[in-house]
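The values are calculated or read from the model by the stated rules, or taken from the named source; none is laboratory data. Here the structure is a predicted model, which means the values were calculated and not measured. Remember, those area values only see protein heavy atoms, side chains included, never the ligands or the DNA or RNA. Shrake-Rupley method; radii C 1.70, N 1.55, O 1.52, S 1.80 Å.
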Amino acid sequence: QVQLVESGGGLVQPGGSLRLSCAASGSIFSIHHMGWYRQAPGKQRELVATVTSGGTTGYADSVKGRFTISRGNNKNTVYLQMNSLKPEDTAVYYCNLMDYGQGYSIYWGQGTQVTVSS
C-alpha cells in the first residue's frame, strides 16, 4: 500500500511561480521513476516532467525551461518548481510513482489544482 500526498497548488497570476510537493509513503520496494502529469478541462492527461532514480529528467516541450523537477534528500519525495506560469498551465496536477519489486506498480496522487489567472 503506497500513498502519494501532494501539496502546493493554488491560484497564481500569470508570470508567477508555484512549487508542488509530493511525498510517498508505504511499502515501496525500489523507485523506478517519479513524475508529474496534468489534466486540463476537456483535455487528456499529459506528462509534464519525470525524474528517474538515477537523476535523469525529462520535460514536455510546453514546460521546458520554465519547470524543474527534482528529488528531495528523502528520495520518496519529488518537487515541481513552476516558474513563468501561463494561463494554459491551468490544470489538475498529479504526482505518480513507478515502483518495482516483483513486477512494476504505478501509484497516483489525488491531484492538486493549479489555476493561473489574472
Computed over the range 1-43, protein heavy atoms only, probe 1.4 angstrom, the accessible area per residue in square angstrom equals 54 Å²
Carbon and sulfur atoms account, in whole percent of the 1.4 Å probe accessible area of the range 1-75, for 47 percent
Relative contact order as a percentage, the chain, C-alpha pairs under 8 Å and 6+ apart, gives 36 percent
For the chain, the Cα-Cα pair-distance distribution in 10 Å bins from 0, as whole percents, is 14, 48, 29, 8, 0
With the 1.4 Å probe rolled over protein heavy atoms, the range 69-118 has an accessible area per residue in Å² of 51 Å²
With x for Gly and Pro, the residue-by-residue ³J(HN,Hα) of the range 4-16, computed from phi through the Karplus equation 6.51 cos²θ - 1.76 cosθ + 1.60 at θ = phi - 60° and given in whole Hz, is 10, 10, 9, 7, x, x, x, 9, 9, 6, x, x, x
Partner lysines whose C-alpha sits under 16 Å from that of Lys64, ignoring same-chain residues fewer than 8 away, are Lys86
